[in-house]
Structure formats: C-alpha cells, structure tokens
Amino acid sequence: MAEICIIKIGGRPLADPESLKVLCRELEKISRETPVAVIHGGGSEVSRISRIFGLEPVFVDGLRSTSEEEMAVVEMVLAGRMNTLLVRSLAVRGMRAVGLSGCDAGMLIAEAAAPRSRTGRIVRTDGTLITDLIQGGYMPVCSSVAMDSSGEALNINADEAALEIAAGVNAARLVYLSDVPGILLDKQVIPVIGPEEAEKKITSGEIAGGMIPKVRSSFRGLSRGIGEIIIGGCDKEGDLQALLQGSGTHLRLH
C-alpha cells in the first residue's frame with residue numbers, strides 16, 4: 001500500500017464554511033495520489049454548545065478539563081455534528097469519506113488524565129481499521145473521541161489522537177493544519193527543524209505556549225516511525241499541496 005498521509009484539522013476550517021470548502025478541494029487533489037486519513041477536533045463548537053446547556057468550559061494548561069456532563073456534549077458535537085459535516089463536505093466532492101470515532105474497532109483506548117475528569121490520555125492504539133479502509137479505497141474521517149477499558153467515553157486532544165493514529169499506521173506524513181503558517185521566529189516561518197534546535201528555541205523562549213507540547217510530542221512521534229511531521233496553514237487553494245512540497249515547518253529527526 002502507498003504511504004499514508006494523516007491530516008489533522010481543527011480551528012478555522014471547522015468554523016468557517018468557506019475555509020472548509022477550500023480544505024475539501026485540497027484534500028480531493030492530494031488524495032488522487034496519496035492515501036489520506038483525516039483526524040479532527042472541534043473544540044470551539046464544543047464550547048459553544050456546552051454554554052447553551054449551561055456548562056462553562058474549563059481549561060487547565062490549555063487543555064479542556066472535561067466533566068461527565070460535558071462529555072455528552074463532546075460526543076454529540078465531535079462524533080456527531082462535526083464528523084458528519086466533514087464527511088458530507090468530502091463526499092459531495094466525490095471522495096469516499098467514512099465517519100469514525102476513536103471508539104470504532106477499539107482504535108483509541110485511553111485512561112482518564114485526572115480523577116473525575118473525562119479528558120483522556122491514549123494508552124493503546126490499533127490502526128488496523130484505518131489501513132483496511134484505505135486499502136478499500138475509502139477516506140477515514142475520525143473524531144478525537146476515545147473509550148476507556150470499561151467502555152466509557154473519553155475526550156482526547158485532537159493533536160494527540162492524530163499523532164497516535166499516525167504512529168499506529170506508520171504514516172509517511174502527519175500534517176497539523178494550524179491557524180498559523182508554521183513555527184515562527186521573528187514572524188518568519190522556520191522551514192525545517194530538528195529536536196536539538198527545537199529544544200534550544202524552547203529554552204530561549206523563541207518557541208512558546210501551546211507550540212511547546214506540539215513540538216515535543218511530534219519528535220516523540222517521529223521516533224516511533226512517523227516519517228515526517230508538518231505544521232502549517234491551509235487558507236487558500238494550493239496551500240495543502242504546498243505544505244507537502246516544502247512550505248510550513250517540517251519536523252525531522254535528521
């Protein structure tokens with residue numbers, strides 16, 4: 001089977017209909033030559049719907065602290081509304097998109113990150129369903145909802161879900177689509193970065209905030225067999241193809 005490309009999406013494409021149209025056109029183009037699986041979150045929509053139900057979102061160190069009550073909203077939004085929105089948007093453009101969550105076929109097994117929290121950490125990944133669907137000519141579209149060993153739902157950070165799935169299928173590439181064009185230094189995109197340089201920039205404060213855990217987890221993913229990890233944006237026609245050809249920031253071990 002050809003080398004798999006995992007695309008993690010969130011942010012603007014999930015919130016803006018025009019951005020979603022651009023992204024779907026880009027996915028259709030690259031999927032002609034490269035097997036693609038899509039992993040998605042949808043945190044802003046979860047927060048919006050949670051507030052409608054009187055649940056105020058809580059974040060700790062940038063990650064959602066999911067209560068039992070909010071977990072029902074997470075499942076409804078991510079595995080329901082957002083997943084089917086993506087599947088419909090891809091299918092109407094001729095792609096054989098199949099909607100999944102991390103619970104399907106035990107793809108993502110996790111454990112609670114803290115007592116009385118339904119935010120999870122992945123402890124086991126099975127990429128068989130993803131590879132089987134791709135071999136059958138389908139495009140998997142997976143939400144970042146997982147399950148624990150007792151069958152209860154857990155909310156997983158979509159970056160983590162994408163990384164684990166990419167490692168589980170030995171993906172040639174994992175692309176984190178972001179609202180920024182890559183890792184920035186003095187407002188300029190760093191085109192290629194390795195682990196030693198990344199740690200130096202973290203220590204100096206040049207890489208900061210939410211980019212720190214993304215970068216560190218990316219290098220752990222690369223050490224587990226992911227070929228390359230790319231961070232960048234997809235705002236207009238050609239952006240996704242450009243990322244695969246060298247734009248954005250490419251994280252490599254060597």
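Among the residues making up region 214-227, those that are over 14 Å from the mean Cα position of the chain (by Cα) and assigned to a helix (DSSP H, G or I) are Arg216, Phe219, Arg220, Leu222, Ser223. From the list Ile230, Ile202, the lone residue that is assigned to a helix (DSSP H, G or I) and either among the β-branched types (Val, Ile, Thr) or over 30 Å from Arg25 (Cβ atoms) (or both) is Ile202. Checked against the criterion of being in contact with a helix residue (DSSP H, G or I) (Cβ under 7 Å, 6 or more places away or on another chain), open to solvent by 10 Å² or more (accessible area, probe 1.4 Å), within 30 Å of Arg118 (Cα to Cα) and of a type in the set (A, V, I, L, M), the candidates Ile207, Ile212 yield just one match: Ile212. Listed by first and then second residue, the pairs with beta-carbon distance under 9 Å, at least 6 apart or on different chains, first residue in region 61-86 and over 20 Å from Gly210 (Cβ atoms) and part of a helix (DSSP H, G or I), second open to solvent by 70 Å² or more (accessible area, probe 1.4 Å) and of a type in the set (A, V, I, L, M), are Glu70/Val58; Val73/Ile52.
Do we have any residue at all in region 6-29 that's buried (at least 23 other Cβ atoms within 10 Å of the Cβ), part of a loop (DSSP other than H, G, I, E, B) and modelled with pLDDT of 95 or more? No: region 6-29 contains no residue that is buried (at least 23 other Cβ atoms within 10 Å of the Cβ), part of a loop (DSSP other than H, G, I, E, B) and modelled with pLDDT of 95 or more. Go through the residues of region 178-186 one by one and say whether even a single one is open to solvent by 60 Å² or more (accessible area, probe 1.4 Å) and modelled with pLDDT of 95 or more. So far as region 178-186 goes, no, none of its residues is open to solvent by 60 Å² or more (accessible area, probe 1.4 Å) and modelled with pLDDT of 95 or more.
The values are calculated or read from the model by the stated rules, or taken from the named source; none is laboratory data. Predicted, not measured: the structure shown is a model, and the values here were computed from it. Positions of Cβ are backbone-derived with ideal geometry, glycine not excepted, and every protein chain shown enters the neighbour counts. Side chains included, ligands, DNA and RNA excluded: accessible areas come from the protein's heavy atoms. Shrake-Rupley method; radii C 1.70, N 1.55, O 1.52, S 1.80 Å.
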